[in-house]
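Just below is one structure, and these are the notes that go with it.
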Amino acid sequence: MAKKTPQPTTPPRERAFLVGVEIHNQHKHLSLDDSLAELALLADTAGVDVVGELTQKLSHPHVETYIGPGKVQELLALAEETLCDVIIFDDELSPRHQRELEKALGLKIRVIDRTALILDIFAQHAHTKEGMLQVELAQYEYNLPRLTRAWTHLERQAGGGGGRAGSTGGVGLRGPGETQLEVDRRDIRKRISYIKKELEKVEAHRLRYRAQRKRSRIPTVALVGYTNAGKSTLLNRLSKSDVYAADQLFATLDPTTRRVQLPADNVALITDTVGFIQKLPTTLIAAFHATLEEIAEADLLLHVVDISHPNALGQFEAVQETLEEIGAGHIPMITALNKADRLKDPENAKRVLQSFEKSVAISATKGTGIEDLLHLMQEELFESYTAIHVRLPYKEGALISLFHELGQVERIEHERGGVMMQGRIPGRLLAQFSPFYAKSNGNKIIEIEESDLEQI
């Protein structure tokens with residue numbers, strides 16, 4: 001009998017112990033239990049098994065170890081009892097907190113935080129050159145202040161696969177008295193600088209592409225929502241395409257644009273973007289700046305909410321907060337309450353609709369409510385007009401023409417620096433005019449500063 005060729009075995013998954021802390025008077029969209037449940041889902045997405053969890057309520061984080069000394073000892077005992085490989089904190093730890101915890105828990109147990117875990121998931125799911133560069137940049141900027149030893153472990157963690165920092169120009173000679181740590185930090189900064197230059201090229205390409213889309217006069221819709229709300233599935237349903245969709249957190253990172261046919265023979269371009277999450281790392285927001293601009297430049301936001309989730313409202317608020325952070329809070333928005341088919345009481349979806357302005361209950365997988373959603377998109381993009389008051393410099397001739405062509409001009413005054421225009425325009429055009437909003441002070445028109453835009 002022929003011998004069977006031994007099959008490669010899958011390496012065992014790491015074992016993780018979760019730690020959650022509730023800080024007094026610290027606003028969060030999810031309760032401590034819900035946040036830890038979400039952290040467990042993140043760990044599973046990253047390929048880690050959760051073997052236990054520990055919680056503590058504090059008035060403020062402990063100055064050295066984030067949790068109290070007694071909890072540190074309790075955590076050490078539980079970690080040894082469960083044979084865990086890594087301890088994951090639900091909040092972002094400062095470099096000092098991480099160092100002191102690792103020192104107290106021993107070298108055999110690694111300590112990471114929610115940010116590092118999300119970065120690891122992004123590294124696994126980034127497939128395009130742009131996505132890998134963005135993740136690598138976020139990882140390096142997160143790890144740089146935490147660098148305490150030769151950083152070969154960072155090389156393994158880096159999502160972009162770009163190799164050792166500074167590899168594009170070679171590692172320089174060490175100066176007199178310069179420590180290895182200083183050399184490593186300098187090398188990382190070189191790599192960060194190189195990645196930023198590469199991403200600037202990507203951003204320039206996006207700007208040209210967006211300008212081309214605006215010239216085509218086809219409105220753009222950005223799909224936004226909490227991770228795993230069903231955005232990619234909805235994109236496939238609306239555009240009859242086959243974009244990758246999976247029932248997991250952050251299944252889609254790279255923006256995907258498809259053409260969607262609307263009622264009355266109108267069309268729109270709809271873009272699926274990275275999903276949001278509570279406590280989305282600031283390093284990721286910065287690294288994904290070019291990608292997130294696809295949202296900030298859209299004519300309409302389609303906010304997809306998993307209405308079957310027990311904390312759907314908290315997830316909705318977390319997304320709204322992130323939209324404000326990236327400068328997209330002023331863009332017109334409609335809401336798709338997805339996964340309505342999972343509700344035990346379908347009538348509950350109708351009651352929930354009253355809590356969300358301009359919303360429709362749908363099921364992206366079954367197609368329920370899709371026609372109603374398309375009609376709502378049609379109405380917002382082509383039939384709904386918004387009052388607007390702007391002061392346009394003469395060099396913005398294209399916008400002046402656009403106002404005349406597609407808007408309803410009620411008042412116009414030619415001034416020394418430009419044209420003051422007042423009237424109504426389709427909601428999809430608001431984003432293009434937002435830098436030129438004006439407010440009235442008696443009969444005098446005052447140009448609004450950029451810092452005022454968030455309050456409009």
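Give the range 386-439 a look and list any residue that's assigned to a loop (DSSP other than H, G, I, E, B) and touching a residue at least 40 places away in the same chain (Cβ under 8 Å), or say none.
Within the range 386-439, Glu396 is the sole residue that qualifies.
May I ask you to list the residues in the range 89-120 that are among the small types (Gly, Ala, Ser) and either assigned to a helix (DSSP H, G or I) or in contact with a Ser or Thr (Cβ under 8 Å, 6 or more places away or on another chain) (or both)?
Ala104, Ala116, listed by residue number.
Exactly one of (1) in contact with a helix residue (DSSP H, G or I) (Cβ under 8 Å, 6 or more places away or on another chain); (2) buried (at least 20 other Cβ atoms within 10 Å of the Cβ); (3) not acidic (Asp, Glu) is unmet by Gln432. Its number?
Condition not satisfied by Gln432: (2).
Kindly list the number of the only condition in (1) assigned by TED's automatic domain parsing to the domain that holds Ala312; (2) modelled with pLDDT under 90; (3) farther than 21 Å from Ile295 by Cβ that fails for Lys358.
(3)
Kindly establish whether Lys344 is outside any strand (DSSP E or B), farther than 30 Å from Tyr437 by Cα and either under 12 Å from the mean Cα position of the chain (by Cα) or in contact (Cβ under 8 Å) with a residue 24 or more places away in the chain (or both).
The answer is no for Lys344.
Here are some residues: Glu449, Glu379. Which one is out of contact with any strand residue (DSSP E or B) (no Cβ under 6 Å at 6 or more places or on another chain), at pLDDT below 90, within 30 Å of Ile307 (Cβ to Cβ) and surrounded by fewer than 17 Cβ atoms within 10 Å (Cβ to Cβ)?
That would be Glu379, the only listed residue that is out of contact with any strand residue (DSSP E or B) (no Cβ under 6 Å at 6 or more places or on another chain), at pLDDT below 90, within 30 Å of Ile307 (Cβ to Cβ) and surrounded by fewer than 17 Cβ atoms within 10 Å (Cβ to Cβ).
Just checking, how many residues over the range 45-62 are over 24 Å from Arg96 (Cα atoms) and surrounded by 15 or more Cβ atoms within 10 Å (Cβ to Cβ)?
6
If you check Leu78, Leu105, Leu83, Leu54, which single one turns out to be at pLDDT below 90, farther than 21 Å from Thr283 by Cβ and over 23 Å from the mean Cα position of the chain (by Cα)?
Step by step, each of Leu78, Leu105, Leu83, Leu54 is checked, and only Leu105 is at pLDDT below 90, farther than 21 Å from Thr283 by Cβ and over 23 Å from the mean Cα position of the chain (by Cα).
So which residues in the range 281-308 are over 23 Å from Lys196 (Cα atoms) and either in a strand (DSSP E or B) or free of Cβ contacts under 8 Å to residues at least 12 places away in the same chain (or both), if there are any at all?
Leu300, Leu301, Leu302, His303, Val304, Val305, Asp306
Tell me the residue from Ala340, Ala364 that is surrounded by 22 or more Cβ atoms within 10 Å (Cβ to Cβ) and either modelled with pLDDT of 90 or more or not assigned by TED's automatic domain parsing to the domain that holds Gly314 (or both), please.
Step by step, each of Ala340, Ala364 is checked, and only Ala364 is surrounded by 22 or more Cβ atoms within 10 Å (Cβ to Cβ) and either modelled with pLDDT of 90 or more or not assigned by TED's automatic domain parsing to the domain that holds Gly314 (or both).
With the checklist (1) part of a helix (DSSP H, G or I); (2) within 16 Å of Asp120 (Cβ to Cβ) in hand, flag the one item Leu18 doesn't pass.
Unmet condition: (1).
The values are calculated or read from the model by the stated rules, or taken from the named source; none is laboratory data. As the structure is a computational prediction, the values presented were derived from the model and not from experiment. Note that we place each Cβ from the backbone using ideal geometry, even for glycine, and neighbour counts take in every protein chain shown.
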